[in-house]
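Nothing in this text is a laboratory measurement; each read-out follows from the coordinates by a stated rule. Computed from a predicted model, the values in this text were never measured in an experiment. No Cβ is skipped: glycine too gets one built from the backbone with ideal geometry, and neighbour counts run over all protein chains shown.
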Amino acid sequence: MLEIGKNKIITVQDIPITVSVGDVDDFICITDMAAARTDGSRASDVIKNWIRNRSTLEYLGTWKQMYNPNFKVVEFDHFKKQAGLPLFTLSVLDWVESTDAIGMYVKKGSFTRVSM
C-alpha cells in the first residue's frame, strides 16, 4: 500500500485504487474502479449508469434509511420511481445533495472523483 498525503493507494488485480483516509471513515474511489473498466474519460459515464440503475438506488436507499437519520426519503422515492426509465439521469452529486446522503462524496479536480 502506497501512502500519498491523506490518501492511500491499494492495488486490486493490478489496478491502483485510491483510498481517502478520513478521521473516522475511509472512502474508496469508485472513479478509479470505473476508469479501470473503461478508458478513464468514460469513468463518469460508468458511474452515472451505475447510480441510475434501479437495483443500485434501492440498495443505497435502504442503507441510507438504516444508517442516516437525516436521509430525505421523499426525494429518494422520486428518484426510485424514475429509475430505469430511458430519460432518467442522475449524478452522484445530485443524489448526495438531494437526499442528504452520507457515505459518498464528490471531489472535483482535474476530473471528478466519486468515493464511497
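Lysine pair count for the stretch 2-115 with Cα-Cα distance under 28 Å and sequence separation of 8 or more or different chains is 26. If R0 is taken as 30 Å, the Cβ-Cβ distance between residue 105 and residue 14 corresponds to a FRET efficiency of 0.70. Seen from residue 94, the other residues with C-beta closer than 13 Å to its C-beta sum to a net charge of 0, counting Lys and Arg as +1 and Asp and Glu as -1. Check which residues have an amide H placed less than 5 Å from residue 7's amide H, if you skip close sequence neighbours. Sorted by chain and number, the residues that satisfy this are 21.
Per-residue Karplus couplings for the stretch 76-92, computed as 6.51 cos²θ - 1.76 cosθ + 1.60 with θ equal to phi - 60°, are listed in order as 4, 4, 4, 5, 4, 5, 8, 4, x, 6, x, 8, 6, 10, 7, 9, 4 Hz, Gly and Pro entered as x. Full extension of the chain between residue 7 and residue 37 yields a length gain of 8.6 nm, computed as 0.36 nm times the residue separation minus the alpha carbon distance. Each residue of the stretch 57-73 is assigned a 3J(HN,Hα), and the resulting list reads 5, 5, 5, 4, x, 5, 4, 5, 5, 6, 10, 10, x, 9, 5, 8, 5 Hz, derived from the Karplus form 6.51 cos²θ - 1.76 cosθ + 1.60 (θ = phi - 60°), x at Gly and Pro.
Computed 3J(HN,Hα) for the stretch 15-27, one whole-Hz value per residue from the Karplus formula 6.51 cos²θ - 1.76 cosθ + 1.60 where θ = phi - 60°, is 10, x, 10, 7, 10, 7, 8, x, 5, 10, 10, 9, 10, glycine and proline marked x. Projected label points at residue 70 and residue 55, each 7 Å from Cα along the beta carbon direction, are separated by 3.2 nanometres. Placing unit charges on the Cβ atoms of the charged side chains and taking the dipole of the chain about its Cα centre, the candidate lying farthest along the positive direction among 70, 17, 59 is 59. Ordering 38, 18 from the fewest to the most neighbouring beta carbons within 10 Å gives 38, 18.
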